[in-house]
Structure formats: C-alpha cells, structure tokens
Amino acid sequence: VQLQASGGGLVPAGGSLRLSCAVAGRTVGTSATAWFRQAPGKEREFVARILWTGGRTNYGDSVKGRFTISKDNAKNTVYLQMNSLKLEDTAVYYCAAPARFTYPTTDAKEYHYWGQGTKITVSS
C-alpha cells in the first residue's frame, strides 16, 4: 500500500482547505485510512479515521465539528475537509493505513503504511 497526500498550503485563520490521500494498492484487507498531524515539537496526533466498508468515521476531540473525513471507493481516495481552521491546526498532516486485515483505532502505532505528509500553515 502506498499513500500520497496532497492539498496542503497556507490558509488564513477561519478558512477552509481540503486534503486528499490517494491509496494505491488498497485491497479488501485494508480496513481503514486515517489522518494524523504533527506540529513542531509535539507528538503525532490523531485527526480522523474512516472505514472503507460502511464508512464509519471517528474524529479527534480537537477537530470535531470542524473537520470531515470522507472517501471515494472508486478512486481509492480519502479526503479531509477542514473548516474554521485555527492557528493550532498548523502541522504536517499524514495519511496512514493499517496492515492488511488489521483494525486500528486512533493509535499511530497501529498504522503500518504512511504517506509523505503535507504541510498546512494557518496564518493570523
């Protein structure tokens, strides 16, 4: 499985941005794809997760109500719509997928495949 994240950039506070994660090599055994983020000097933080079958979603507390994760099964792509962006959303955002036939939660250690990251800077 290879993941390619895109869509980052500079955005003013209160603005919106949409990230995309292309998941190449996804099989029926790939249960989910998630977004994490890491700000300078901080640990990697769970942002959102979506299940490929059924579409169930989970969000980190800091983004609930502002971010929406979605997927396009035909395109093997996961999206992260980010609204009402805050300065504290500034980070490198990574998409991740688990090893086949595993069912991760919100712990980054449970994800096996990682994209290269896309940087988001929210300006005041």
message: Which of the numbered conditions does K64 fail, given that it passes all the others? Conditions: (1) surrounded by 19 or more Cβ atoms within 10 Å (Cβ to Cβ); (2) basic (K, R); (3) in a loop (DSSP other than H, G, I, E, B).
response: (1)
- request: Determine, yes or no, whether G65 is at pLDDT 95 or above, more than 17 Å from Q4 (Cα to Cα) and over 14 Å from the mean Cα position of the chain (by Cα).
  value: yes
- request: Considering each of V28, V92 in turn, give the residue that is among the β-branched types (V, I, T) and in a loop (DSSP other than H, G, I, E, B).
  value: V28
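To keep it simple, each residue is scored yes or no on (1) more than 19 Å from K109 (Cβ to Cβ); (2) within 14 Å of the chain's Cα centre (by Cα); (3) open to solvent by less than 50 Å² (accessible area, probe 1.4 Å); (4) among the small types (G, A, S).
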site	(1), (2), (3), (4)
L3	no, yes, yes, no
V11	yes, no, yes, no
S20	yes, yes, yes, yes
R37	no, yes, yes, no
K42	no, no, no, no
F46	no, yes, yes, no
W52	yes, yes, yes, no
N58	no, yes, yes, no
M82	yes, yes, yes, no
query: How many residues does the range 20-31 hold that are modelled with pLDDT of 95 or more and over 11 Å from T77 (Cα atoms)?
result: 0
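The values are calculated or read from the model by the stated rules, or taken from the named source; none is laboratory data. Predicted model only: the values in this text are computed from it and were never measured. Every residue, glycine as well, gets a Cβ built from its backbone with ideal geometry; the counts of neighbours run over all protein chains shown. Please note that ligands, DNA and RNA were not included when accessible areas were found on the heavy atoms of the full protein model with its side chains. Shrake-Rupley method; radii C 1.70, N 1.55, O 1.52, S 1.80 Å.
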